[in-house]
Amino acid sequence: MTALAVQTTNLSKSYDNQSALDRVDLRVPEGSVYVMVGANGAGKSTTFKILMNLERPDSGNASVFGLDTGANGPEVRAHIGYVPEHYDAGYRWMTSARLLQHAEAFYPSWDSAYADRLVKSLDIRMDRKTGGLSKGEGRRLQLVMAMSHRPPLLLLDEPTEGLDPVARRQLLTLIAEHLADSPTTIVIATHHIHEVESLADHIAALNGGRLVAQMSRDELQKNVRRYELELPENWKAPAGLVATQTRTSPDGRDAQWTIIGDERDVAERLTSSGANVREAQPLAFEEAALALLSGERAQ
Amino acid sequence: MLVTLDNRDLRPLYLQIMDEIRRAIVVGKLKPEDPLPSVRDLASELAINPRTVSQAYQELEREEVVYVKRGQGTFVSPTMKKNSRERQNLARALAKRTLIEARRSGLDLQELIASLKEAAAEERQ
Amino acid sequence: MTTTPLHHLPRLSQVVREQLRVTALSIRLPAIALAAIAAVVTMLVIADFLRGRGGVEFAPELSLIPAFAGALMPIAVWLNEQRFGAGFMWTLPVDRTRHALAKVLAGWIILIVAVTGFVIWLLILALITKGNITGDEIIRLLPASYDPNVSAVDPSTLRTIRWSFPPVLRLVPFFAATGAYILASAIALGFRHPFRWIIGTVAAVYLTAAIGQGIADDQFWALSGKLIRTLQEGRYGLDTLLSARAESLRTVVTFSNGQRITAWRGLPVVTDWIIAVLLWTGLGIGGLSAALMRHRENR
């Protein structure tokens with residue numbers, strides 16, 4: 001059993017009677033690139049804020065590297081590099097260089113040579129006041145601040161937001177290199193699945209605050225299939241299938257069902273219900289992830 | 001470019017990388033004792049998780065297609081020759097994929113073989 | 001993994017030092033503006049002196065500027081921060097309460113440096129214009145029967161004494177600034193919308209005092225009015241903190257022959273001042289502690 005970088009138990013949080021997190025049990029294995037997918041407001045940012053102890057959960061608890069986030073706020077934050085969703089210029093009058101100096105004072109593990117290299121590859125103007133940076137540049141600066149002290153855990157909230165395809169590719173390359181250089185667990189929250197799929201090796205689907213499913217990339221590959229079916233007349237679907245998308249021909253004899261579950265088990269159930277499984281197609285990562293999102297039951 | 005990934009390929013990334021390395025060996029781009037790109041370099045070039053590259057390399061090592069020299073990297077096995085079983089493996093994998101595609105389009109084996117011969121003849125012209 | 005010693009917390013002295021740098025840098029502009037004003041005033045005073053006007057006396061305890069500066073300093077300190085919520089400052093690996101306190105301390109240090117500069121400037125002005133720097137002077141004391149409502153005063157009822165100014169009262173501006181600063185910091189950290197509370201309180205106080213003065217026969221209003229006046233000008237009131245009560249004890253009276261002179265209703269008492277400092281600073285510290293409780297991480 002691999003060690004867990006992040007673990008939450010029954011984590012719940014609501015704002016103004018709207019549930020942002022509903023009894024969420026996250027398990028993020030150490031060293032993984034764990035992608036949380038879900039629409040805006042699904043609870044992803046709230047999770048990050050709770051891990052950083054910027055918000056307190058209504059119930060349940062969260063731990064990072066075995067430390068409870070509520071009781072050990074500062075120590076937990078010392079091990080995290082956090083890039084929030086919205087760029088907050090904060091000290092608008094400070095230059096980028098000064099802001100990095102400011103951050104460096106708080107992290108003994110700061111690698112200034114690495115910071116310099118990152119700044120160069122991300123093309124950030126060092127003598128510009130942070131208030132005068134473009135939104136993308138500001139977020140890239142935040143990324144430098146998060147990565148330069150080589151934290152064992154990176155929390156990236158919509159890291160590709162607002163980035164053009166070239167900048168996006170640059171970011172992914174940077175993260176790949178960072179991963180190769182330092183043992184890091186990365187949790188990425190995004191609703192743009194395909195932009196980060198080449199990095200992902202775990203996925204969690206959040207829907208309206210509920211954790212619909214979380215699994216490794218291999219498990220996702222194995223457990224989501226598009227079944228091409230030939231249906232008899234008056235066919236009744238077998239009970240207990242988690243179907244996230246169904247398409248039936250007008251005459252009701254052909255259908256295409258996207259089902260989550262062990263392929264052999266699902267195929268057996270379909271066959272015994274009278275349907276003929278012509279084919280069980282695996283799906284590309286993004287499609288499979290989207291299928292997870294629309295799944296009804298938490299696993 | 002030793003390795004290019006096809007994002008329409010639905011197979012796990014590490015399998016695709018393995019096939020690409022095998023292909024490079026078969027066509028001679030990688031010769032016996034040639035170094036493979038480092039995990040870091042390949043991951044950076046493809047913008048993918050280095051663990052995926054490591055997994056591919058480890059699987060290739062298990063199949064004795066490559067070997068690891070401690071502190072120096074991964075190298076193509078000296079026993080890898082152009083006309084080795086790798087060529088057969090590659091051909092078989094390609095054939096399997098083609099058969100699946102053909103079946104999806106409702107073609108049987110005979111029709112597929114006939115079409116292959118026709119297409120090859122066209123190309124020669 | 002267990003948390004590594006590499007990612008330990010920064011030392012508190014380091015945090016205070018960094019907050020000092022940040023706060024000092026952030027008030028660069030107002031500081032320059034004030035320096036410019038001081039330069040202008042200096043030139044005006046010298047011009048007056050050269051024209052034959054008398055010397056400027058060195059009386060920093062009579063100036064309300066240090067207290068004003070103390071009250072306004074928290075605005076400069078916290079202007080660029082999100083005091084509540086997920087501000088950048090709180091994402092750093094420092095305990096939230098300690099970090100807030102470090103920032104308050106940094107602001108205080110800068111304030112005291114500024115007040116010291118102010119006092120030295122006043123001393124220089126007095127020296128240049130050959131004004132009274134010892135504070136010893138001959139003053140007119142009003143009798144106990146003095147009634148401010150009577151327009152003309154009989155000059156024979158005044159006593160003339162030589163007052164030797166207690167040197168310890170030179171510290172008044174430092175404690176006035178500190179007391180005001182702590183109280184204002186408590187408000188800044190304790191309320192999400194401090195200005196609403198300040199304006200509301202000031203309005204309430206003003207109204208109560210005004211009504212209390214008018215409706216002398218209604219118990220509640222009369223008492224409230226009296227309470228407010230005591231808080232302001234009483235023995236241990238706000239004015240005692242701010243000027244050792246010199247402000248309210250000093251007044252201009254008109255003699256029956258029309259002559260107007262400065263006279264004192266009483267003299268500042270050092271022990272009264274010390275007690276007032278302890279009371280108001282104690283109140284401020286209590287308020288600040290309560291405000292910091294709002295920001296504590298472990299609950």
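Derivation of every value follows stated rules applied to the coordinates shown; laboratory data play no part. What you are looking at is a predicted structure, and each value in this text was computed from that prediction instead of being measured. Cβ coordinates were reconstructed from backbone atoms using ideal geometry, including for glycine residues, and neighbour counts include every protein chain displayed.
Quick notes
- Exposed GluC sites (Glu not before Pro) absent - longest run of chain A, DSSP non-H/G/I/E/B, at most 12 other C-beta within 10 Å: A:1-232
- Helix C:219-233 axis, angle to chain C major axis (alpha carbon atoms, nearest 10°): 80
- Inter-label distance, C:Trp121 to C:Leu267: 3.2 nm, where each label sits 7 Å from its Cα along the C-beta direction.
- Long-range HN-HN contacts of C:Val153 with modeled amide H, under 5 Å: C:Thr254, C:Phe255, C:Ser256
- Charge dipole magnitude, Cβ of K and R +1, D and E -1 - the protein assembly as shown, Cα centre, debye nearest 20: 1880
- Using alpha-carbon coordinates, inclination of helix C:12-26 to the longest axis of chain C, degrees: 60
- Unsatisfied cross-links (Cα-Cα over 26 Å) in the set A:Lys44/A:Lys120; A:Lys120/B:Lys69; B:Lys31/B:Lys69; A:Lys129/C:Lys103; B:Lys29/B:Lys69; B:Lys96/B:Lys117: A:Lys44/A:Lys120; A:Lys120/B:Lys69
- A cut-off under 12 angstrom between Cβ atoms defines the neighbours of A:Thr95, and their net charge, with Lys, Arg +1 and Asp, Glu -1, is +4.
- Region B:85-124, dipole about Cα centre (Lys/Arg Cβ +1, Asp/Glu Cβ -1), debye to the nearest 20: 320
- Which of A:Gly73, C:Val40, C:Pro155, positive extreme of dipole for the protein assembly as shown (C-beta unit charges): C:Pro155
- R0 of 22 Å, Cβ-Cβ distance B:Arg70-A:Ser182: FRET efficiency to nearest 0.05: 0.55
- Percentage relative contact order, region A:223-293, counting C-alpha pairs under 8 Å, at least six apart: 46
- Summarising the amide proton neighbourhood of A:Val6: residues at separation of 5 or more, or on other chains, whose placed amide H is nearer than 5 Å comprise A:Val28, A:Phe65.
- Applying a DSSP loop filter and a limit of 10 other Cβ atoms within 10 Å to the trypsin sites (Lys or Arg not before Pro) in region A:231-299 leaves A:Lys236, A:Arg297.
- Sequence-ordered 3J(HN,Hα) estimates for region A:5-12 from the Karplus curve with 6.51, -1.76 and 1.60 and θ = phi - 60° stand at 6, 10, 9, 10, 10, 6, 6, 9 Hz, glycine and proline given as x.
- Region B:1-64: GluC sites (Glu not before Pro) falling in loop per DSSP and having at most 10 other Cβ within 10 Å: B:Glu64
- Full-stretch length increase - C:Ile109, C:Ile161 - with 0.36 nm per residue and alpha-carbon distance subtracted: 14.8 nm
- Restricted to Cα atoms, region C:88-195 shows a radius of gyration and a Dmax of 22.1, 70 angstrom.
- Measuring gaps between exposed loop sites in chain B (trypsin sites (Lys or Arg not before Pro); DSSP loop; at most 15 other Cβ atoms within 10 Å), the longest gap, sites not included, is B:83-125.
- Selection from C:Phe88, C:Ala184, C:Val22, by position along the positive dipole direction of chain C (Cβ): C:Phe88
- Couplings 3J(HN,Hα) for region C:147-159, derived from phi with the Karplus relation 6.51 cos²θ - 1.76 cosθ + 1.60 (θ = phi - 60°), are 10, x, 6, 7, 6, 10, 10, 7, x, 6, 7, 8, 9 Hz, where x marks Gly and Pro.
- Listed residues A:Ala103, A:Ala289, A:Ala115, most fluctuating in chain A (Gaussian network, C-alpha, under 10 Å): A:Ala103
- For the pair B:Asn7 and B:Ala91 in one chain, pulling the backbone fully straight at 0.36 nm per residue adds 28.1 nm over the alpha carbon distance.
- Antiparallel %, DSSP beta bridges [both residues in chain A], to 5: 70
- Bridge type composition, the protein assembly as shown - antiparallel percent by DSSP, nearest 5: 75
- Taken as Cα centroids, region A:15-66 and region A:250-282 sit 35 Å apart, rounded to the nearest whole angstrom.
- For region C:107-125 versus region C:228-274, the inter-centroid distance based on Cα atoms is 24 Å.
- Inter-part distance, region C:131-166 to region C:21-74, computed on C-alpha centroids, equals 29 Å.
- Amide hydrogen neighbours beyond the local backbone of A:Val212, cut-off 5 Å, H modeled: A:Ala205, A:Leu206, A:Asn207
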